[in-house]
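A short worksheet on the structure shown next.
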Amino acid sequence: MLNDSKQLMHDFGKVVGFSSISSTNPRIDTGNRKVVEFLANSFEALGFSCELIPTDGNPEKLNLIATLGNGPGGLVLAGHTDTVPLDENLWSVDPFSVTKRDGKIYGLGITDMKGFFPIIMEAVKPLLNHNFKEPLIILATSDEETSMQGARKIAELGRPKARAAIIGEPTGLQPVQAHKGIMMESVKIRGQSGHSSNPSLGNNALDAMHYVITDLMLYREQLKERYNSPLFEVPYPTLNLGCIHGGDNPNRICGSCELEFDVRLMPGMHIATVREEIRNRVNKVITPLGLEVEIEGLFTGVPAFFAEQNSALLKIAEDLSGNPPISVGFGTEGPFYKALEWTQL
């Protein structure tokens, strides 16, 4: 680990202390402005030139491009500044402060991945008096945990351009050569409520959702048979039924029900194709029941990712870490940056 300096711990505390929860639920979502503004001030103090880039539609969500040095090429150190939601009652420490215990540091987002930026600040200090042949570029984004809108905005802008990039997700210092894609979907069924004493008074949306779930579980098994890769610990696609909400009382026929789920895509699977297959299957189940259904993606999705074949950067990471490359089941912002023609890691 880097030198455990007071400044490093101070910076850890700052990035953890600013809530930056990203959620599809607007009541929970807090935005990342305070974290990004702190990072911009910190990198400017080190001599970086900083640019704040708003994410479309929300002034509380920002991206940061911080650049040290000039010229073409360069190395990008990229990461996201948002975290997942939390249940504070399940934490044994304050999630919004840094706690050291048994040689480890605890705090919401300390590894995934707000703590990446203070580590960069500490690591670059001995290099500040050197003239860089190519620029060092720090990229800090918003909303990676939900829509990846921050990375989408960067890809839309087409900058920064660079020779190579490292995405600092927590991997136990194991270089990652590939990851699965992800898509999140919603199915909303509208039925007819009524008193439960007479089922003919309504049309139960929860009953209908039972049939949808049954078919999605069958689809899950079919995907498992169609796609397989030994590169991944879980060598097939997954479909997770994440949450369901419906009805308002035990003695009322359920008038509406919503299911949200995700699909982790293998290389070779296309988001649009899977989305269309899901839509066709759900409609086939619901149409005979005389109910209304709305099927939509919670965000546009993230495709699977592979590092460039024979990537020099991947080989350097192998040599420095002493670990062979691995493949992981979670997604990253890598596919969006690939459009910028970086060599990804």
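Distance from the Cα centroid of the range 17-35 to that of the range 158-217 is 21 Å (rounded to whole angstrom).
Each Cα pair under 8 Å and six or more residues apart adds its sequence gap; the mean of these over the residue count of the chain is a relative contact order of 20 percent. Modelled this way, with points 7 Å down the Cα-to-C-beta line, the labels at Asn310 and Asp56 are 3.8 nm from one another. Which net charge results when you count Lys and Arg as +1 and Asp and Glu as -1 among the other residues whose beta-carbon is under 10 Å from that of Arg152? That works out to -3. Straight Cα distances below 19 angstrom link Lys104 to the aspartates and glutamates Asp4, Asp11, Asp94, Asp112, Glu122, Glu169, with same-chain residues fewer than 8 positions distant left out. Using the alpha-carbon positions of the range 181-297, Rg (one decimal) and Dmax (whole number) come out as 16.0, 54 Å. Extension gain for Val234-Met217 works out to 4.4 nm (0.36 nm per residue, less the C-alpha to C-alpha distance). Cα centroids of the range 241-261 and the range 289-345: 33 Å apart.
Under the definition of Cα pairs under 8 Å and six or more residues apart, what whole-number percent is the relative contact order of the range 181-297? Please report the intermediate quantities before stating the final value.
Working: 210 pairs, mean separation 48.6, N = 117.
Averaging sequence separation for qualifying contacts and normalising by length gives 42 percent for the range 181-297.
Of the two radii for the chain, the radius of gyration is 1.03 times the Kirkwood radius, both from the alpha carbons; that is the Rg over Rh value. Applying both filters, DSSP loop and at most 14 other Cβ atoms within 10 Å, to the trypsin sites (Lys or Arg not before Pro) of the range 55-133 gives Lys133. Considering only GluC sites (Glu not before Pro) in DSSP loops that have at most 12 other Cβ atoms within 10 Å, the longest stretch of the chain without any of them is 1-232.
State to the nearest 20 debye the size of the charge dipole of the chain about its Cα centre, where the only charges are +1 on K and R beta carbons and -1 on D and E beta carbons.
It works out to roughly 360 debye.
When the Cα positions of Leu39, Ile286, Met209 are compared along the charge dipole of the chain, Leu39 comes out farthest toward the positive end, with charges on each C-beta of Lys, Arg, Asp and Glu. For the chain, a Gaussian network of Cα nodes joined below 10 Å ranks Ala178, Ala312, Ala155 by mean-square fluctuation, and the top entry is Ala312.
Over all Cα atoms in the range 212-271, the spread is summed up by Rg and Dmax: 15.5, 50 Å.
All of the numbers you see were taken from the coordinates with simple rules; none came from a lab. None of these values were measured; they are calculated from a predicted model. Cβ coordinates were reconstructed from backbone atoms using ideal geometry, including for glycine residues, and neighbour counts include every protein chain displayed.
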